[in-house]
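Student: Could you have a look at this structure, given as structure tokens, before my questions?
The values are calculated or read from the model by the stated rules, or taken from the named source; none is laboratory data. Small disclaimer: the values here were computed from a predicted structure and weren't measured. For neighbour counting, all protein chains shown are included, and Cβ atoms are generated from backbone atoms with ideal geometry for every residue, glycine included. Just so you know, the surface numbers come from the protein's heavy atoms only, side chains and all, with ligands and any DNA or RNA stripped out. Shrake-Rupley method; radii C 1.70, N 1.55, O 1.52, S 1.80 Å.
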Amino acid sequence: MTKNIKLLIVAGARPNFMKVAPIIKAIALFNEEQRSGGAVVEYRLVHTGQHYDANMSDVFFRDLGIPAPDINLEIGGGSHAVQTANVMLRLEPVCVKEKPDWIVVVGDVNSTVACTLVGVKMGIKVAHVEAGLRSNDRTMPEEINRLVTDSIADLLLTPSADGDENLRREGVAESRISLVGNIMIDSLVANLPQSTQSPILKGLNLQPGAFVYVTLHRPSNVDYRESLSAIMAEFDSLGARFPVVFPMHPRTRKMLAEFGIPAGRQGNVRIIEPVGYHDSLHLTEHARFVLTDSGGLQEETTYFRTPCLTLRPNTERPVTVTLGSNKLTTLETLNGDIASVLSREPKFGTIPPLWDGQTAGRVLESILQRS
Ligand code: UD1
């Protein structure tokens, strides 16, 4: 690299924040090493504002030590079209002003696809971190975001070999693919000293290894009255057997209110506000098992080797099932799956290759090689 390069790094929703934090740290480290007059990497951090509540956004900036965004597009909620269009409308003038060499997008949320579309059409190179994941389920909004992003972005940085295979199958040229590992695990590893100190178990009066950590927010589970009410009834019966801690996503809370479904009737299901990053890692490490429909938790449980039951018919992260501690479940098979989890050792599975806490360095290297 002979001249400075400039990146526009985009984060929009909760699961993005732990993916941009390590990239920003890697840039600082790179620039530190270049102090003797070499070219440096400049960056601007853009928050699209897709997630805006203090407990969905600010707490992650604090916990992860992410600097305040340089630019906040403040798009807020709305339908998919409204969110995507608003990000596009508001990002374009930022690109005109900042003239970045690259836009770096992460994950699979509406902000990811919107920024990719803007960048590519303006002739700005786009790097996608966490590329290549496929659930092969086009009813998931995230799957559409992944397909569109990966079909047009310039550099596809994958977390695991299945991602590379998916991309090759779709006809993507080898030169666009770079296997870098799982960026989420960089944040996890870097934050272990703080997560270990989390007071959340004490605050909720929970014993390590003796509670279930539940999260749930996928539209396919929570946006339909029948499925949401069946799930909540199942949690009530689970709560009769174990303490259950359920930090509730705003989407889930909104849908429960809309459907008039009572929640947590047994008293043993503790519905609380969304928790911060360190508290969530602590709950994941020490739960007897996790019951979730989140993508990130499938990966974090795999790292901690904590059993995970994923309430979905498919996963875009198959390595968490083949190597890790994850298993897909349904309401019909849940009781049997819980029994089989409880009958085996409390920790199992192996950590996939390149989930080693060093992915951000490889992300930066891949971008610099192509600059
Ligand atoms: C989004 C992502 C999903 C990710 C999830 C994690 C898309 C398509 N989906 O889904 O992949 O797993 O984030 O959280 O991008 N809301 C608040 N406060 C907030 C954020 C949202 O009240 O800080 C409300 C919104 O107004 C909306 C609902 O929660 O009513 C859902 O938010 P939205 O951003 O549309 O999608 P998520 O379900 O969070």
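Student: Given a 1.4 Å probe, how much area per residue of the chain is accessible, in Å²? All intermediate terms of the calculation are to be shown ahead of the outcome.
Tutor: Values: 15060 Å² over 371 residues.
Computed with neighbouring chains in place, this is 41 Å² per residue.
Student: Under unit Cβ charges (Lys, Arg +1; Asp, Glu -1), what dipole magnitude, rounded to 20 debye, does the chain have relative to its Cα centre?
Tutor: Values: 37 positive and 41 negative charges, 44 e Å.
Dipole about the Cα centre, nearest 20: 220 debye.
Student: Then there's this: What angle, in degrees between 0 and 90 and rounded to the nearest 10, separates the Cα long axis of helix 295-304 from the longest principal axis of the Cα atoms of the chain?
Tutor: 80 degrees
Student: Quick one: how many lysine pairs in the chain have C-alpha atoms under 15 angstrom apart, if they're 8 or more apart or on different chains?
Tutor: Values: Lys3/Lys99; Lys6/Lys97; Lys6/Lys99; Lys6/Lys125; Lys99/Lys121; Lys99/Lys125; Lys327/Lys347.
Close lysine pairs found across the chain: 7.
Student: Mind telling me which of Ser160, Ser135, Ser178 comes out most flexible in a GNM of the chain, alpha-carbon contacts under 10 Å?
Tutor: Ranking Ser160, Ser135, Ser178 by mean-square fluctuation puts Ser135 first.
Student: Under 18 Å from a point 7 Å along the Cα-to-Cβ line of Thr2: which residues of the stretch 32-50 have their amide N that close?
Tutor: 37-41
Student: Among Lys6, Lys125, Lys25, Lys99, what's the order by accessible area (1.4 angstrom probe), most exposed first?
Tutor: Working: Lys6 30, Lys125 75, Lys25 110, Lys99 145 Å².
Highest to lowest solvent-accessible surface, that is Lys99, Lys25, Lys125, Lys6.
Student: How much length would be gained if the chain were fully extended between Asp70 and Asn205, taking 0.36 nm per residue of separation minus their Cα-Cα distance, in nm to one decimal?
Tutor: Working: separation 135, 0.36 × 135 = 48.60 nm, distance 3.97 nm.
Result for the pair: 44.6 nm of gain on full extension.
Student: Among 143-150, 305-312, 168-175, how do they line up from the highest to the lowest mean number of other beta-carbon atoms within 10 Å?
Tutor: On the way: 143-150: 20.2, 305-312: 23.9, 168-175: 10.9.
Averaged packing, sorted descending, gives the order 305-312, 143-150, 168-175.
Student: Which of Gln34, Val341, Thr284 sits farthest toward the positive end of the charge dipole of the chain, with +1 on the Cβ of Lys and Arg and -1 on the Cβ of Asp and Glu?
Tutor: Going by the Cα projections, it comes out as Gln34.
Student: Applying 1/(1 + (r/R0)^6) with R0 = 45 Å to the Cβ-Cβ distance of Glu42 and Asp223, what FRET efficiency is obtained, to the nearest 0.05?
Tutor: On the way: r = 41 Å, r/R0 = 0.92.
After rounding, the FRET efficiency stands at 0.65.
Student: Given the protein chains as shown and a 1.4 Å probe, how many square angstrom of Tyr213 are accessible, to the nearest 10?
Tutor: Roll a 1.4 Å probe over it and Tyr213 shows about 10 Å².
Student: Stretched out fully, how many nm does the piece from Thr196 to Ser371 gain, at 0.36 nm a residue minus the Cα gap?
Tutor: 59.1 nm
Student: With the full set of protein chains in place, find how many percent of the accessible area of the chain is carbon and sulfur; take the probe as 1.4 Å.
Tutor: Values: 8030 of 15060 Å².
Whole-percent figure for carbon plus sulfur exposure: 53.
Student: What does the extension gain come out to for Arg35 and Leu89, with contour length at 0.36 nm per residue minus their alpha carbon separation?
Tutor: Extra length available between Arg35 and Leu89 comes to 15.7 nm.
Student: Also, quick follow-up: How do the peptides 334-344, 315-325 rank, highest first, by the average count of neighbouring beta carbon atoms within 10 Å per residue? Each step should come with its number before you reach the end.
Tutor: Numbers: 334-344: 13.9, 315-325: 21.2.
With the highest mean Cβ count within 10 Å placed first, the list reads 315-325, 334-344.
Student: Something else: Using helices alone, I'd like the mean residue ellipticity at 222 nm for the chain: each DSSP H run of four-plus residues gives -39500 (n - 2.57), total over residue count, nearest 500. Spell out each step's value before the answer.
Tutor: On the way: 17 runs with 169 residues, N = 371.
Using -39500 (n - 2.57) per qualifying helix, the result is -13500 deg cm²/dmol.
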